[in-house]
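Have a look at the structure below, then the notes.
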Amino acid sequence: MIGRMAMLGFGALMLVAAAPDPHPVGPDDIAQIKGVRDPQVDPAGLWVAYAVQSTDIAADKQESHLWMTRWDGSRTVQITSRKGENEANPRFSPDGQWLAFTSSRGDDKGDSALWLLDRAGGEAMKLPGIKGSVSDIVWAPDARTLALVITDPEPEDKPTKPEGDKPADAAASVAKPGDKKPRPIVIDRFQFKADSDGYLGKQRSRIWLYDLASRTARRLATGDFDEDLPAWSPDGKSIVFVSNRTPDPDRNYDTNLFLATVGDKPLAPRALTAFPGDDNGRGSGSYPAWSPDGKTVAYVQGGPVALIGYGVRTLAVVPASGGAARVLTAALDRNVSDPVWTADGRTIRFLIEDDGAVRLGEVASTGGAVRDIAGGMRAFSSPVAGPNGALALLMSDPAHPTEVHVIDAKGSLRQLSHQNDAWLKTVAIAPVAPTRFQSKDGTDVHGFLVTPPGKPAKRLPTILYNHGGPQAQFDAGFNIVWQIFAGQGYAVVSTNPRGSTGRGEAFAKALYADWGGPAVPDALAGVDDAVAKGVADPDRLYVGGWSYGGMLTNYLIASDTRFKAAVSGASIANVLAGYGTDQYIRDYEVELGRPWEHMDVWLRSSYPFYHADRIKTPTLFMAGDKDFNVPLLNSEQMYQALSSLGVKSGLIIYPGEHHGLRRPSFLKDRMERWLAWYAGQKAPDLAK
């Protein structure tokens, strides 16, 4: 639309283009969203630094840079901007002079180094004296030392030397400077592989102390173990960190808190906790938090060992001097994370995963009732202390991607970063509504229903889109997949079936050793609910998901033939094929037992493969060829099985990709192929 404006004094007309109408969200919009993460408040409480990930479409890669916004929102500045580089982990020094961060700038191996930026001005400088890749930074209270988590460097390879007779093309065989001779991969660990990391060897992630004056690093503690999540005591004399120091950490989940005294030489640490489960370990993503007086450490205690990820994580405190730990949220029956003490030491604030949302709560440090600070259908994450009892944190809701927000002591919320505001003005966001319905056995199940923007929600083609995990939940944060599906005219049903977290331990563990089990009728009940409401067209139903979402897709199409097409991403159907080929060896043996001892359990969980003849749904399988989480062979097996049976099927392999795709063109391609498969069309050619 063209508008006209009279120009005073000139008597002329200037044509002004009105803003185009918002468009439905599509695969191209994946590259437009900015990923905001890791807010950090400066010591004066005047600025918040954070990392912003964006997409360089021409280079087909993502990059991350650092930004700062004043606490009052009056000014925003970009701190780093070197094209093609990545910076992360912004950390203010306690005296406010420096901003430390990690970056792999100029490193051929891709190792992240420690960089330091003087806030008074000037270029950032790479600090010397560090071997290995830096993944975390924590300043000492005196601003003279930093605790670094550093992964051991790769062993140095030797240059290739020509061997044997001189070949016809001698120039092609002569070793050139920089050529390296490949070495055999020697496996001698129980858990010997992990997604993204590849095959696991002797390398460890260890805590080092970096002295700014001498530019040298020294180990904090003795012992040949992985160490993580360091937290300095308020007096700077000791550090609490997380480690599994059992004789064979690969065979158990016994991660505990350890306290190490800071000295000139590495000293043996002292265990603070003795719980046999996973304290501050997997799933929590939380640093131990010291009380302001340095007498107590708050942390996240894992759930029951035998329940692995199905158990509920609780907030606990332990005396720094030693003694028994106390659980503060035993009655909550919800996963918690990210404890933050108030300045007076009387209260601990933390995140609560709760029934499709992630809210902010608090509890007295002596125990008592949990109180809500901020809730609603939204998802909070990464809280850090701010001035006057306030917090800086990330927040997202169904209509808004993640941004930095601040919340005052009374719970009043204010948006601070605005990285995605411009993009939001160009798109039509689909409405998202929470849903409740009953499963086949009467169990109350919750989820979300998404409908296309600006269209009547009646008899729509509908996608049942399943979440990963299974020990996770669809929450009220922004979901680009929901928006893309709805933008193309589909309704989307996303359920949190049994096995999901957010509804308590009993609800989650109902799926234990029965992976299809109750999740299948729970998910189908969500579809039935959408049909009963008149939203879903029962003759145009589709299903799909990634990771466990793909697994549940396999279970569903092996149990029900109502779906017109399915997409199963990074999934497994023959669970027996996972034993020894993926990263979940401990989980398998705890939950399912050893295959030769409990074959009935393994076969029950593998029915989509061993009863593939029940599947009639045309299915597209997708996977990355470097995935050690749910390896490609599992998708290949199911593709081969359906092909053998004459069921329409396809297999898309993304080269160089792990479990979570990263290459922007592949992220777009995945959604285009997903939509094309449902529509019965040929997917666009990625090369064009």
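The values are calculated or read from the model by the stated rules, or taken from the named source; none is laboratory data. From a predicted model like this one, the values you see are computed outputs, not experimental measurements. Glycine also receives a Cβ, built like all others from the backbone with ideal geometry; neighbour counts cover every protein chain displayed. Accessible surface is based on the protein model in full, side chains and every heavy atom, while ligands, DNA and RNA are left aside. Shrake-Rupley method; radii C 1.70, N 1.55, O 1.52, S 1.80 Å.
Which one of Leu642, Leu620 is out of contact with any Gly (no Cβ under 7 Å at 6 or more places or on another chain) and either open to solvent by less than 50 Å² (accessible area, probe 1.4 Å) or outside any strand (DSSP E or B) (or both)? None of the others qualify; the one that does is Leu642.
Of all residues in the stretch 553-606, those satisfying the criterion of being among the β-branched types (Val, Ile, Thr) and either buried (at least 23 other Cβ atoms within 10 Å of the Cβ) or on the phi > 0 side of the Ramachandran plot (or both) are Thr553, Ile557, Val567, Ile572, Val575. Could you count how many residues in the stretch 242-278 are open to solvent by 60 Å² or more (accessible area, probe 1.4 Å), within 19 Å of Ala298 (Cβ to Cβ) and not in a strand (DSSP E or B)? So the count comes out to 1.
Considering the stretch 73-86, and only residues there that are touching a residue at least 40 places away in the same chain (Cβ under 8 Å) and on the phi < 0 side of the Ramachandran plot, the residue that is surrounded by the most Cβ atoms within 10 Å (Cβ to Cβ) turns out to be Thr80. If I filter the stretch 88-104 for residues that are among the hydroxyl-bearing types (Ser, Thr, Tyr), within 17 Å of Asp211 (Cα to Cα) and within 24 Å of the chain's Cα centre (by Cα), do I get at least one hit? Within the stretch 88-104 (the criterion being among the hydroxyl-bearing types (Ser, Thr, Tyr), within 17 Å of Asp211 (Cα to Cα) and within 24 Å of the chain's Cα centre (by Cα)), the answer is yes, since at least one residue qualifies. Here Val327 does not qualify as at negative phi, modelled with pLDDT under 95, open to solvent by 20 Å² or more (accessible area, probe 1.4 Å) and of a type in the set (A, V, I, L, M, F, W, C).
Restricting attention to the stretch 374-389, does a residue exist that is among the charged types (D, E, K, R) and either surrounded by fewer than 21 Cβ atoms within 10 Å (Cβ to Cβ) or closer than 21 Å to Phe92 by Cβ (or both)? No, because not a single residue in the stretch 374-389 is among the charged types (D, E, K, R) and either surrounded by fewer than 21 Cβ atoms within 10 Å (Cβ to Cβ) or closer than 21 Å to Phe92 by Cβ (or both).
Can Phe437 be described as open to solvent by less than 20 Å² (accessible area, probe 1.4 Å), part of a strand (DSSP E or B) and over 30 Å from Pro288 (Cβ atoms)? It is true that Phe437 is open to solvent by less than 20 Å² (accessible area, probe 1.4 Å), part of a strand (DSSP E or B) and over 30 Å from Pro288 (Cβ atoms).
Scanning the stretch 52-73 finds one or more residues that are under 15 Å from Leu394 (Cα atoms), under 22 Å from the mean Cα position of the chain (by Cα) and not hydrophobic (A, V, I, L, M, F, W, C). Residues of the stretch 47-72 that are open to solvent by 60 Å² or more (accessible area, probe 1.4 Å) and out of contact with any strand residue (DSSP E or B) (no Cβ under 9 Å at 6 or more places or on another chain): Ile57, Ala58, Asp72.
Pairs are defined by a Cβ separation below 7 Å, a sequence spacing of at least 6 or placement on different chains, a first member in the stretch 663-688 that is open to solvent by less than 60 Å² (accessible area, probe 1.4 Å) and modelled with pLDDT under 95, and a second member that is acidic (Asp, Glu) and part of a helix (DSSP H, G or I); the pairs so defined are Ala683/Glu672. Within the stretch 333-361, the set of residues being over 24 Å from the mean Cα position of the chain (by Cα) and either of a type outside the set (Ser, Thr, Tyr) or farther than 22 Å from Leu413 by Cβ (or both) comprises Trp341, Ala343, Asp344, Gly345, Arg346, Ile348.
Each row is one residue, and each column tells you yes or no for (1) farther than 30 Å from Arg189 by Cα; (2) not in a strand (DSSP E or B).
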| site | (1), (2) |
| --- | --- |
| Arg562 | yes, yes |
| Ala566 | yes, no |
| Asp587 | no, yes |
| Gly593 | no, yes |
| Glu597 | no, yes |
| Pro608 | yes, yes |
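Among the residues of the stretch 178-216, those that are of a type outside the set (A, V, I, L, M), closer than 30 Å to Arg594 by Cα and open to solvent by 100 Å² or more (accessible area, probe 1.4 Å) comprise Pro184, Asp197, Tyr199, Lys202.
Summed over the stretch 294-346, the residues that are among the charged types (D, E, K, R) and closer than 17 Å to Ala271 by Cα give a count of 2. The requirement of being modelled with pLDDT under 95 and closer than 30 Å to Gly580 by Cα is not satisfied by Ser243. Right, Ser494: under 20 Å from Thr617 (Cβ atoms) and part of a loop (DSSP other than H, G, I, E, B) or not? So Ser494 does not fit the description; no. Of all strands (runs of 3 or more DSSP E) completely enclosed by the stretch 279-397, which ones contain at least 1 residues that are under 29 Å from Arg245 (Cβ atoms) and in contact (Cβ under 8 Å) with a residue 40 or more places away in the chain? Of the strands (runs of 3 or more DSSP E) lying wholly inside the stretch 279-397, those with at least 1 residues that are under 29 Å from Arg245 (Cβ atoms) and in contact (Cβ under 8 Å) with a residue 40 or more places away in the chain span 296-301, 314-319, 336-341, 347-354, 379-385.
So is Asp250 in contact with a Lys or Arg (Cβ under 7 Å, 6 or more places away or on another chain), touching a residue at least 24 places away in the same chain (Cβ under 8 Å) and over 27 Å from Asp354 (Cβ atoms) or not? So Asp250 passes the test.
The set of residues from the stretch 292-319 being surrounded by fewer than 20 Cβ atoms within 10 Å (Cβ to Cβ) and not β-branched (Val, Ile, Thr) comprises Pro292, Asp293, Gly294, Lys295, Pro304, Ala306, Leu307, Pro319. Would you please name the residue that is most open to solvent (accessible area, probe 1.4 Å), looking only at residues in the stretch 474-506 that are more than 23 Å from Gly375 (Cβ to Cβ) and β-branched (Val, Ile, Thr)? Of everything passing the filter in the stretch 474-506, Ile480 is most open to solvent (accessible area, probe 1.4 Å). Of all residues assigned to the stretch 113-126, at least one qualifies as being open to solvent by 40 Å² or more (accessible area, probe 1.4 Å), over 24 Å from Val48 (Cβ atoms) and in contact (Cβ under 8 Å) with a residue 12 or more places away in the chain. Condition test on Asp625, is it in contact (Cβ under 8 Å) with a residue 12 or more places away in the chain, more than 30 Å from Gly277 (Cβ to Cβ) and of a type in the set (Asp, Glu)? Yes. May I ask you to list the residues in the stretch 448-471 that are under 23 Å from Gly376 (Cβ atoms), open to solvent by less than 30 Å² (accessible area, probe 1.4 Å) and part of a loop (DSSP other than H, G, I, E, B)? Listed by number, the residues that qualify are Thr451, His467.
There is at least one residue in the stretch 339-349 that is of a type in the set (S, T, N, Q) and touching a helix residue (DSSP H, G or I) at 6+ places or on another chain (Cβ under 8 Å). The numbered conditions (1) of a type outside the set (Gly, Ala, Ser); (2) farther than 30 Å from Ala143 by Cβ; (3) touching a strand residue (DSSP E or B) at 6+ places or on another chain (Cβ under 8 Å) are all true for Asp248 except (3). Within the stretch 87-112, the set of residues being aliphatic (A, V, I, L, M) and loosely packed, with under 15 Cβ neighbours inside 10 Å is empty. Sub-8 Å Cβ pairs linking a first residue in the stretch 42-55 that is at positive phi to a second residue that is surrounded by fewer than 16 Cβ atoms within 10 Å (Cβ to Cβ), at least 6 apart or interchain, are Gly45/Asn388, ordered by first then second residue.
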